[in-house]
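Undergrad: Input: one structure, supplied below.
The values are calculated or read from the model by the stated rules, or taken from the named source; none is laboratory data. All values reported here derive from a predicted model rather than from experimental measurement. FYI the Cβ positions are ideal-geometry reconstructions off the backbone, even for glycines, and counts take in every protein chain you see. Please note that ligands, DNA and RNA were not included when accessible areas were found on the heavy atoms of the full protein model with its side chains. Shrake-Rupley method; radii C 1.70, N 1.55, O 1.52, S 1.80 Å.
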Amino acid sequence: MKLFKLIVILILLVSTSCKSVQESSIMKQILKIFLISLLSLFFFYCSTPEVKKEKPKSNTIKVEKYPDFNTYWYSGKAEITSYKLSQVRYGEIYEGTAVNIFVTEEFLPEKQVKANHQNEKNIPILKLNSTKKFTTGIYPYSLMTSTFSPIDINKKTLKISFSSQEWCGNTFAQLNNKTDYQIHFYSYFETNSDRKITLKKDILENELWNQLRISPENIPVGELQIIPSFEYLSLHHKKFQSYKAEASLVKNGDFLVYTINYPSLKRKLSIQLKKDFPFTIESWNEEISSRGKSLITKAKKIKTIQSAYWSKNGVSDLEERKALGL
């Protein structure tokens, strides 16, 4: 329509500017040619359909949040679950306790630490602090693994740290998600001494625990390359690398069972969780070869509570700890 109005205005201007009949005749011929050209362009413009560009298809998995996701995970509380633990170590099985603490946080992608303040660059994450305590003979073990995974499961875990304390000494390992996975490892053993490791970004066993809580239906299955848990690699002096694994997810009544089998390591991990949101982890088994024997570490749930535990450090707060059976 704008082009049509422009043509009309040009006609009026030309017709009023002619001073003689001769000029008028010449201008009419010029105007005729001009108008034919403009009208052709006008009809072509109006009749040509608009070509719509197709949006590029995304390669990412679209995960719809569950209706109660925000209510559960952003209530200002952490989920704490205690477990009765039977832990394999030194070719025998020792009794102890395990605790899994899941909590959402805002994470700084560059510094790779928890953010103190809200910022648009922060990454929402689900953090798992997994702890174990057991005693081998005369001396105790204390293990802790922290895994920081984006709520967006299409993004890789940002950080993992593992530490082991026992009377022989300390072991510590930390992964940071950079261009590659950058791992710093420290230990008192000569055969497992301090080193820096660079790995490509294969699947991390530690991050799969968080993904089971966010979206189990999108958990990877089949033949995979997986970097085993930092606890297993550190305690058993295994090389930090990915290993060929076979993973499966099956329904078993009211539960889902996720299993990872590492043939070359002679190790199989099975995690049992509720099949409905919030997919609480009820138990797990880890079958390994220890000093020539096939033994199984087992953990079975005692109690799950929700608590803002970081603000409950007084003597009067011991009741919640008792509720967890610890």
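Undergrad: Please list 3J(HN,Hα) in residue order for the range 302-315, calculated via the Karplus relation 6.51 cos²θ - 1.76 cosθ + 1.60 where θ = phi - 60°; whole Hz, with x for glycine and proline.
TA: After applying 6.51 cos²θ - 1.76 cosθ + 1.60, I find 9, 7, 10, 9, 10, 7, 7, 4, 5, 9, 10, 10, x, 4 Hz.
Undergrad: On a 1.4 Å probe surface of the protein chains, which of 301, 127 comes out largest in accessible area, and what is the full order?
TA: The most accessible residue leads, giving 301, 127.
Undergrad: Still on this structure, please answer the following. Rounded to a whole number, what % of the accessible area of the range 192-326 do carbon and sulfur atoms account for, probe 1.4 Å?
TA: Within the range 192-326, the accessible surface is 47 percent carbon and sulfur.
Undergrad: Could you list which residues have their amide H under 5 Å from that of residue 238, counting only those 5 or more apart in sequence or on another chain, with H placed in the peptide plane?
TA: none
Undergrad: If I model a spin label as a point 7 Å beyond the Cα along the Cα-Cβ vector, how far apart are those points for residue 237 and residue 95 in nm?
TA: Rounded to a tenth, the inter-label distance reads 3.1 nm.
Undergrad: Still on this structure, I have one more. If you look for lysine pairs in the range 122-185 that are eight or more places apart or on different chains, how many of them have Cα atoms under 22 Å apart?
TA: Total qualifying Lys-Lys pairs in the range 122-185 comes to 8.
Undergrad: Considering only the other residues whose Cβ falls under 10 Å of the Cβ of residue 125, what net charge follows from Lys and Arg at +1 and Asp and Glu at -1?
TA: +1
Undergrad: Taking the Cα centre of the range 235-326 as the origin and placing charges on Cβ (Lys, Arg +1; Asp, Glu -1), which of 278, 314, 243 is farthest toward the positive end of the dipole?
TA: 243
Undergrad: Any chance you could look up the accessible area of residue 73 with a 1.4 Å probe, heavy atoms only, rounded to 10 Å²?
TA: Looks like 10 Å² after rounding.
Undergrad: Residue separation times 0.36 nm, minus the C-alpha to C-alpha distance between residue 184 and residue 277: what's the value?
TA: 29.9 nm
Undergrad: First select every other residue whose beta carbon is under 15 angstrom from the beta carbon of residue 78; then total the charges, Lys and Arg +1, Asp and Glu -1.
TA: +2
Undergrad: Only sites in a loop by DSSP and with at most 14 other Cβ atoms within 10 Å count here; which chymotrypsin sites (Phe, Trp or Tyr not before Pro) in the range 149-192 make the cut?
TA: 167, 188, 189
Undergrad: Oh, and also: Rounded to whole Hz and in sequence order, give me ³J(HN,Hα) for the range 149-158 from the Karplus expression 6.51 cos²θ - 1.76 cosθ + 1.60, θ = phi - 60°, writing x for Gly and Pro.
TA: After applying 6.51 cos²θ - 1.76 cosθ + 1.60, I find 10, x, 4, 6, 5, 6, 9, 6, 3, 8 Hz.
Undergrad: Quick check on the range 147-264: take the gyration tensor over C-alpha atoms, sort the square-rooted eigenvalues as a ≥ b ≥ c, and tell me if it's rounded (a/c under 1.5), prolate or oblate.
TA: In terms of gyration-tensor shape, prolate.
Undergrad: Rounded to the nearest whole Å², what accessible area per residue is found for the range 63-155 with the 1.4 Å probe?
TA: That works out to 49 Å² for each residue.
Undergrad: Note the full-extension length gain between residue 319 and residue 300 as 0.36 nm times their separation in residues minus their Cα-Cα distance, in nm to one decimal.
TA: Residue separation times 0.36 nm, minus the Cα-Cα distance, leaves 4.7 nm.
Undergrad: Any idea of the accessible area per residue across the range 211-258, 1.4 Å probe, to the nearest Å²?
TA: For the range 211-258, the solvent-accessible area averages 44 Å² per residue.
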